[in-house]
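Undergrad: Structure below; questions to follow.
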Amino acid sequence: EVQLVESGGGLVQAGGSLRLSCAASGFIFDDYGIGWFRQAPGKEREGVSCISSRDDSTYYADSVKGRFTISSDNALNMVTLQMNSLKPEDTAVYYCAVHWTGCSYSLNEYDRWGQGTQVTVSS
């Protein structure tokens, strides 16, 4: 069965760095995307970044562009989100999810989600 597990969340001071990991297993498709999303208390879930297995293309939300970097192994079995220059506004639960045909801007097109990992950035 397809499974995604996030790890690496924690407490970090503003301006610091944190690396999140998404371990994916049970995939049988050739072309898919792994996306990172986040949800702060009382806020809607929003897209952060995505990497596509089709051509290794990467995508970033404007709010994190230049600060966050997404990467993976050659099969997207382990997807990493390197977060630098963290801000208190980055505080949220971070989720990874799979899209079966590649990356998409629409959250509801991602079919399987991990349980989330908490990231807290202090002032």
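Each value in this text was obtained by applying a stated rule to the coordinates, not by laboratory testing. It should be emphasised that the depicted structure is a prediction, and the values quoted were computed from it without experimental measurement. Here Cβ is always computed from backbone atoms with ideal geometry, including for glycine, and neighbour counts include all displayed protein chains.
Undergrad: What's the magnitude of the charge dipole for the chain around its Cα centre, counting Lys and Arg as +1 and Asp and Glu as -1 at the beta-carbon? Answer in Debye, nearest 20.
TA: 460 debye
Undergrad: Which FRET efficiency value, to the nearest 0.05, do you get for SER57 and SER122 by plugging their Cβ-Cβ distance into 1/(1 + (r/R0)^6) with R0 = 25 Å?
TA: 0.15
Undergrad: Suppose R0 equals 22 Å; then what is the FRET efficiency for MET78 and GLU46 from their Cβ-Cβ distance, rounded to the nearest 0.05?
TA: With R0 = 22 Å, the Cβ-Cβ based efficiency is 0.45.
Undergrad: Relative to the present Cα-Cα distance, how much length would full extension add between ARG112 and LEU11 at 0.36 nm per residue of separation?
TA: Gain on stretching ARG112 to LEU11: 33.7 nm.
Undergrad: Please report the net charge: other residues with Cβ closer than 12 Å to the Cβ of VAL121, K and R +1, D and E -1.
TA: Combined, the nearby Lys, Arg, Asp and Glu give +1.
Undergrad: Can I ask one more? In a shell of Cβ-Cβ distance under 13 Å around ALA24, excluding ALA24 itself, what net charge do Lys and Arg (+1) and Asp and Glu (-1) give?
TA: So the surrounding residues net to -3.
Undergrad: State the Kirkwood hydrodynamic radius of the range 81-123 in Å, one decimal place, computed from all pairs of distinct Cα atoms.
TA: Over the range 81-123, the inverse of the mean reciprocal pair distance is 12.1 Å.
Undergrad: Still on this structure, please answer the following. Only four residue types carry charge here, +1 at the Cβ of Lys and Arg and -1 at the Cβ of Asp and Glu. Report the dipole size of the range 27-81 about the Cα centre in Debye, rounded to the nearest 20.
TA: Charge dipole, the range 27-81, about its Cα centre: 340 debye, nearest 20.
Undergrad: Next question, about the same structure. Summing Lys, Arg as +1 and Asp, Glu as -1, what charge do residues with Cβ under 15 Å from the Cβ of TYR94 carry, TYR94 excluded?
TA: So the surrounding residues net to +1.
Undergrad: Taking θ = phi - 60°, what integer Hz values does the Karplus form 6.51 cos²θ - 1.76 cosθ + 1.60 yield along the range 105-117, in sequence order, with x for Gly and Pro?
TA: 7, 8, 4, 6, 8, 8, 9, 9, 10, x, 7, x, 9
Undergrad: Treating only the Cβ atoms of Lys and Arg (+1) and Asp and Glu (-1) as charged, compute the dipole magnitude of the range 51-106 about its Cα centre; round to the nearest 20 debye.
TA: Using only the charged Cβ atoms, the result is roughly 60 debye.
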